[in-house]
Amino acid sequence: MNGKQGGDPAKLAVALIKIASENEPPKRWLARADAIDTAEKKVTEFQKQINAYRDLSSSLAIE
């Protein structure tokens, strides 16, 4: 966004320090509500794709 991102950089820095100092930091962390919204939409889309082919995918084991 070429330096025009919304949000407070100081708050982001504090949040990153908090995340980095955790015993088990997350593999992924979303900064800002818009990132959460985008990720939730992707998760919903991915879940629909999983469900659409669940039976086919599950049927591929060697018997």
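The values are calculated or read from the model by the stated rules, or taken from the named source; none is laboratory data. Bear in mind the structure is a predicted one, so any value in this text is a computation, not a measurement.
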Completion exercise
Restricting attention to the range 23-63, the residues that are in a loop (DSSP other than H, G, I, E, B) and of a type in the set (Phe, Trp, Tyr) number exactly 2
Practice task
Could you tell me which residue of the range 21-56 is nearest to the chain's Cα centre (by Cα), considering only residues that are small (Gly, Ala, Ser) and modelled with pLDDT of 95 or more?
Solution key: Ala39
Problem - Tally, over the range 3-22, of residues that are part of a helix (DSSP H, G or I) and not β-branched (Val, Ile, Thr) - result: 9
